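Student: If you scroll down you'll find the structure; I have some questions about it.
The values are calculated or read from the model by the stated rules, or taken from the named source; none is laboratory data. None of the values given here were measured: they were computed from a predicted structure. Every residue, glycine as well, gets a Cβ built from its backbone with ideal geometry; the counts of neighbours run over all protein chains shown. Side chains are part of the model used for accessible areas, which takes the heavy atoms of the whole protein and leaves out ligands, DNA and RNA. Shrake-Rupley method; radii C 1.70, N 1.55, O 1.52, S 1.80 Å.
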Amino acid sequence: MMAQIASVMRLELKKTFFSRRGLWVYVLAFAPALIYLIHAVDVTRDHEHRQALAAAHPVATETLHSIKEGMTTDEVVAAAGEPYAVKTFPGGRRRAGGFRDLAIYQYTDGDSDFALVLVEGKVERINEQDRCNLKKDSAIFATVFQFFYLRLAVFFGCVGIFMNLFRGEMLDKSLHFYLLAPMRREVLLAGKYLAGLVAAATIFVTGTALQLAALSWHFEPGAVSEYLRGPGWGQIAAYLGVTVLACIGYGSIFLLAGLVFRNPIIPAAGVLLWESINLFLPASLKKISIIFYLQALCPVVASPDRGLSLLQRLLISSAEPPQAWVAMLGLMVVTLAVLVFAGRRARRLEINYGTE
Amino acid sequence: MNTTVTFDNVSRFYGEVLGVNRVTLSIPPGITSLVGPNGSGKTTLMNMMAGLVRPTRGEVRVLGISPNEPQRLCHMIGYATQFDSFPRGLTGQEFIYSFLRLFGYSHDRCVKQAETAIARVRMTGAAARKIAGYSKGMRQRIKLALAIAHDPRVLILDEPLNGLDPLVRNETIALFREMAHEGRHVIVSSHVLHEVDQISDQVILLSNGYVVAEGQIHDVRGEIKDHPMQVWIRCAQPSVLASKLFEMDHVVEARLAQDGAGVLVKTRDADRFYRTLNDLAVNGIELEGVTPLDDNVNSVYEYLIGGESR
Ligand SMILES: Nc1ncnc2c1ncn2[C@@H]1O[C@H](COP(=O)(O)OP(=O)(O)OP(=O)(O)O)[C@@H](O)[C@H]1O
Ligand SMILES: [Mg+2]
């Protein structure tokens, strides 16, 4: 039986990795890494620019921090020297008594950018723009990972890969070759599922790893190794693991969908909807999903609350996020249940190459 | 040990559409032909033997094995389907090899058996080429090679002679005979009776989902002849026509319609009946319409006398 599963996988892997139909799966998997890379290049250029400015207009970080609101232009220049850029807007601010002059003085210590907003020669506001830091970036990553990568990229990647395992061959009219091999349908199903899983996990774990690499690339080696010594490796392992688990969970669902449906859009849209409203479901229903468990396993909490209205927040039922091992177990139980059901369907599977 | 392929009162519907109905058959080893026009249910029967389609009612057994057990059944059967499609990107050799691997055989064994099967259908020269570049006849042969590659006891071949040139056709038929001689079942389908009647030990005639005749070819011809065919004739002088018809020995019955608009005729020899009908028409009896009433038998009859009905 193992030999048979292996031979199914051999046939399937070749098909899944190199199918022209599946090209967009690669795009989904690798586009985010590309975006992070562009971001990294951007940040690096920005930083180099600030460094050059700081060299031309040197000023200490403490000095900049000592500037307070209410100081006059002269006091500022006396403390911090000439800014690297001055923008003046005569009559640029409207006040009760008419128009006032507005000026923006920009300083940098090479890392952060300070923009002083001066109205009528007095500091009114200080905008400090930090240099990108790991903490900020990892929060961004956490949000993108949960709300874009897991819910959309891996999701639709699994639609593409797993739904085609049976349905694709039904369309190609070549499924009967498999059904004429002397093996239980469940064995065939297992072989195809494992092949899909290896393909999906390889593609998307690579995608996640590339994103993490692209993200941390522009930080100084010191900062990165400090992060790694801290929570770093654990978080990286968690992200990669969650990616694999997403493939395991979504894979089983779309394998089944490919057995039951001819049109991939209906089940994909249905599952997508179910997974999106998961947040608002009662606790017992939450557990019949994939995203619920994946979210519990993500290392950095990405809070969706910010964009939600009070009403929406009231609708969210608070199920305690389960512990890691419970979440993993839950996901496995859901997956197994789906696969068992798929096995039952596969037993009754018939060849029907009729026109759609 | 059971050595027959049996259908026990098998019906299969596709939704509302009838595939086959109430088929009871027992197919012994040797060459058996399923013959019938398009849509008569040949492929449906074969798919049910192979477990690709399930009966709506009734039971199929292949050498005693239920098609619900593919893990046992598929060692016994080799099925070359009617579908002219293949997995993408494979050469003939890779195709046979990969699907043999699904049987759980070792690499060496698969290489060897693939080579033997390909040689048996005389495709050795093209085995290293991509199937996508094969001609229709070559595709037919590579399918046949896959069907025989694991040495099955029951060969099921859906229109295996389609698209073969005369030389290859003869070679293929020789292969069937060889297989049958070894005690295997060779079940082939065709929609042309005369294509297979010479080579078959048994013929099963299908029409519109029913088995209309079964047995050795002589029996089948006889069965068709013995079965009276009904024809409804509309004409201006039905009584004159009826009396003429009564003079013919193959006419079993000629009944006047109550409204006097025609005659219902039962004949045992449709061939002669139609010929005499032409004579009558020539001799002045005006025929307004001739409608065969049982289409089943009639279409089969067409097959028998007409050969290719296309
Ligand atoms: N998948 C299907 N869905 C709906 N109807 C079907 C399907 N397969 C077969 N049928 C119907 O069942 C009947 C028998 O079809 P089948 O394919 O068995 O005939 P056949 O004898 O093989 O014909 P052909 O000579 O064209 O291959 C036909 O009326 C056909 O329309
Ligand atoms: Mg057919």
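Student: How many residues does the range B:77-122 contain that are open to solvent by 10 Å² or more (accessible area, probe 1.4 Å), within 16 Å of ligand 2 (Cβ to nearest atom) and assigned to a loop (DSSP other than H, G, I, E, B)?
Tutor: Residues meeting the conditions: 4.
Student: Out of the range B:35-69, which residues are among the small types (Gly, Ala, Ser) and under 20 Å from B:Phe83 (Cβ atoms)?
Tutor: Answer for the range B:35-69, where residues must be among the small types (Gly, Ala, Ser) and under 20 Å from B:Phe83 (Cβ atoms): B:Gly36, B:Gly39, B:Ser40, B:Gly41, B:Ala50, B:Gly51.
Student: Shifting gears a bit: Within the range A:284-300, track down each residue that is in a helix (DSSP H, G or I) and open to solvent by less than 40 Å² (accessible area, probe 1.4 Å).
Tutor: Of everything in the range A:284-300, those that are in a helix (DSSP H, G or I) and open to solvent by less than 40 Å² (accessible area, probe 1.4 Å) turn out to be A:Lys286, A:Ile291, A:Phe292, A:Tyr293, A:Leu294, A:Ala296, A:Leu297.
Student: Only one residue in A:Gly92, A:Gly110, A:Gly98 is under 30 Å from A:Glu62 (Cβ atoms) and not assigned by TED's automatic domain parsing to the domain that holds A:Ala213, so which one is that?
Tutor: Numbers: A:Gly92 fails: under 30 Å from A:Glu62 (Cβ atoms); A:Gly98 fails: under 30 Å from A:Glu62 (Cβ atoms).
Exactly one of A:Gly92, A:Gly110, A:Gly98 is under 30 Å from A:Glu62 (Cβ atoms) and not assigned by TED's automatic domain parsing to the domain that holds A:Ala213, namely A:Gly110.
Student: In addition: Taking A:Ala96 as meeting all but one of (1) among the hydrophobic types (A, V, I, L, M, F, W, C); (2) at pLDDT below 80; (3) open to solvent by less than 90 Å² (accessible area, probe 1.4 Å), write down the number of the exception.
Tutor: (3)
Student: Mind listing just one residue for me: the one in the range B:152-177 that is outside any strand (DSSP E or B) and within 16 Å of ligand 1 (Cβ to nearest atom) and, of those, nearest to the other protein chains (Cβ to nearest Cβ)? Please lay out each step first, then the result.
Tutor: Going through the range B:152-177, the residues outside any strand (DSSP E or B) turn out to be B:152-153, B:158-177.
This time we only want the ones that are within 16 Å of ligand 1 (Cβ to nearest atom), so: B:158-163.
Values: B:Asp158: 11, B:Glu159: 15, B:Pro160: 15, B:Leu161: 20, B:Asn162: 16, B:Gly163: 17 Å.
The extreme case among them is B:Asp158.
Student: Going by what's in this entry, would B:Leu25 be described as in the same structural domain as B:Ser135 (by TED's automatic domain parsing), touching a Gly at 6+ places or on another chain (Cβ under 9 Å) and away from ligand 2 (no atom under 12 Å from the Cβ)? Can you show your working first?
Tutor: Numbers: in the same structural domain as B:Ser135 (by TED's automatic domain parsing): yes; touching a Gly at 6+ places or on another chain (Cβ under 9 Å): no; away from ligand 2 (no atom under 12 Å from the Cβ): yes.
Judged against the criteria, B:Leu25 is not a match.
Student: Mind listing whichever residues of the range A:179-194 are facing another protein chain (nearest Cβ under 7 Å) and assigned to a helix (DSSP H, G or I)?
Tutor: So the first thing to find is which residues in the range A:179-194 are facing another protein chain (nearest Cβ under 7 Å), and the list is A:179-185.
Residues satisfying the conditions are A:Leu179, A:Arg185.
Student: Taking A:Ala238 as the residue in question, decide whether it is out of contact with any Gly (no Cβ under 7 Å at 6 or more places or on another chain), modelled with pLDDT under 85 and open to solvent by less than 50 Å² (accessible area, probe 1.4 Å). Outline the logic, then answer.
Tutor: Details: out of contact with any Gly (no Cβ under 7 Å at 6 or more places or on another chain): yes; modelled with pLDDT under 85: no; open to solvent by less than 50 Å² (accessible area, probe 1.4 Å): yes.
Spelling it out, it is not the case that A:Ala238 is out of contact with any Gly (no Cβ under 7 Å at 6 or more places or on another chain), modelled with pLDDT under 85 and open to solvent by less than 50 Å² (accessible area, probe 1.4 Å).
Student: Collect the residues in the range B:96-109 that are without any contact (Cβ under 8 Å) to a residue 40 or more places away in the chain and more than 9 Å from chain A (Cβ to nearest Cβ), keeping them in residue-number order.
Tutor: Across the range B:96-109, the qualifying residues are B:Tyr97, B:His107, B:Asp108, B:Arg109.
Student: Just to check your reading of the model, which residue among B:Ile31, B:Ile65 is under 22 Å from B:Ala180 (Cβ atoms), assigned by TED's automatic domain parsing to the domain that holds B:Gln216, of a type outside the set (Gly, Ala, Ser) and in contact (Cβ under 8 Å) with a residue 12 or more places away in the chain? Even if it seems obvious, please write down each step before you answer.
Tutor: Numbers: B:Ile65 fails: in contact (Cβ under 8 Å) with a residue 12 or more places away in the chain.
Going through B:Ile31, B:Ile65 in turn, just one is under 22 Å from B:Ala180 (Cβ atoms), assigned by TED's automatic domain parsing to the domain that holds B:Gln216, of a type outside the set (Gly, Ala, Ser) and in contact (Cβ under 8 Å) with a residue 12 or more places away in the chain: B:Ile31.
Student: Which condition number does B:Gln93 fail, the rest of (1) more than 16 Å from the chain's Cα centre (by Cα); (2) more than 14 Å from chain A (Cβ to nearest Cβ); (3) farther than 27 Å from B:Ile131 by Cα; (4) more than 16 Å from ligand 1 (Cβ to nearest atom) being met?
Tutor: (3)
Student: Can you pull out the residues in the range B:13-61 that are open to solvent by 10 Å² or more (accessible area, probe 1.4 Å), in a strand (DSSP E or B) and either within 12 Å of ligand 1 (Cβ to nearest atom) or within 14 Å of chain A (Cβ to nearest Cβ) (or both)?
Tutor: Once the filter is applied, which keeps residues that are open to solvent by 10 Å² or more (accessible area, probe 1.4 Å), in a strand (DSSP E or B) and either within 12 Å of ligand 1 (Cβ to nearest atom) or within 14 Å of chain A (Cβ to nearest Cβ) (or both), the range B:13-61 yields B:Phe13, B:Tyr14, B:Val17, B:Leu18, B:Asn21.
Student: Give the number of residues within the range A:118-168 that are touching a residue at least 40 places away in the same chain (Cβ under 8 Å) and assigned to a helix (DSSP H, G or I).
Tutor: Counting residues in the range A:118-168 that are touching a residue at least 40 places away in the same chain (Cβ under 8 Å) and assigned to a helix (DSSP H, G or I) gives 32.
Student: So is A:Arg167 out of contact with any Cys (no Cβ under 6 Å at 6 or more places or on another chain) and either modelled with pLDDT of 95 or more or farther than 17 Å from A:Pro267 by Cβ (or both) or not? So that I can check it myself, show each step before the final result.
Tutor: Values: out of contact with any Cys (no Cβ under 6 Å at 6 or more places or on another chain): yes; either modelled with pLDDT of 95 or more or farther than 17 Å from A:Pro267 by Cβ (or both): no.
So A:Arg167 fails the test.
Student: Further question on the same structure: Give B:Ala213, B:Ala180, B:Ala149, B:Ala236 a once-over and let me know the one that is within 14 Å of another protein chain (Cβ to nearest Cβ) and either touching a residue at least 40 places away in the same chain (Cβ under 8 Å) or within 16 Å of ligand 1 (Cβ to nearest atom) (or both). Before the answer, list the steps.
Tutor: Values: B:Ala213 fails: within 14 Å of another protein chain (Cβ to nearest Cβ); B:Ala180 fails: within 14 Å of another protein chain (Cβ to nearest Cβ); B:Ala236 fails: within 14 Å of another protein chain (Cβ to nearest Cβ).
Only one candidate passes the filter, namely B:Ala149.
Student: Working only within the range A:337-356, note down all residues that are free of Cβ contacts under 8 Å to residues at least 60 places away in the same chain and either open to solvent by less than 90 Å² (accessible area, probe 1.4 Å) or more than 10 Å from chain B (Cβ to nearest Cβ) (or both).
Tutor: Answer for the range A:337-356, where residues must be free of Cβ contacts under 8 Å to residues at least 60 places away in the same chain and either open to solvent by less than 90 Å² (accessible area, probe 1.4 Å) or more than 10 Å from chain B (Cβ to nearest Cβ) (or both): A:Ala337, A:Val340, A:Arg344, A:Glu350, A:Gly354, A:Thr355.
Student: Residues to consider are B:Ala261, B:Ala242; find the one that is surrounded by fewer than 16 Cβ atoms within 10 Å (Cβ to Cβ) and at pLDDT 80 or above. Please lay out each step first, then the result.
Tutor: Values: B:Ala242 fails: surrounded by fewer than 16 Cβ atoms within 10 Å (Cβ to Cβ).
Answer to the selection: B:Ala261.
Student: State all residues of the range A:169-189 that are in contact with a Gly (Cβ under 8 Å, 6 or more places away or on another chain) and farther than 21 Å from B:Cys110 by Cβ; if no residue qualifies, say none.
Tutor: A:Arg185, A:Glu186, A:Leu189
Student: Related question: Would you confirm, using the coordinates I've provided, whether A:Phe280 is over 23 Å from the mean Cα position of the chain (by Cα) and open to solvent by 10 Å² or more (accessible area, probe 1.4 Å)?
Tutor: Working: over 23 Å from the mean Cα position of the chain (by Cα): no; open to solvent by 10 Å² or more (accessible area, probe 1.4 Å): yes.
For A:Phe280, the condition - over 23 Å from the mean Cα position of the chain (by Cα) and open to solvent by 10 Å² or more (accessible area, probe 1.4 Å) - is not met.
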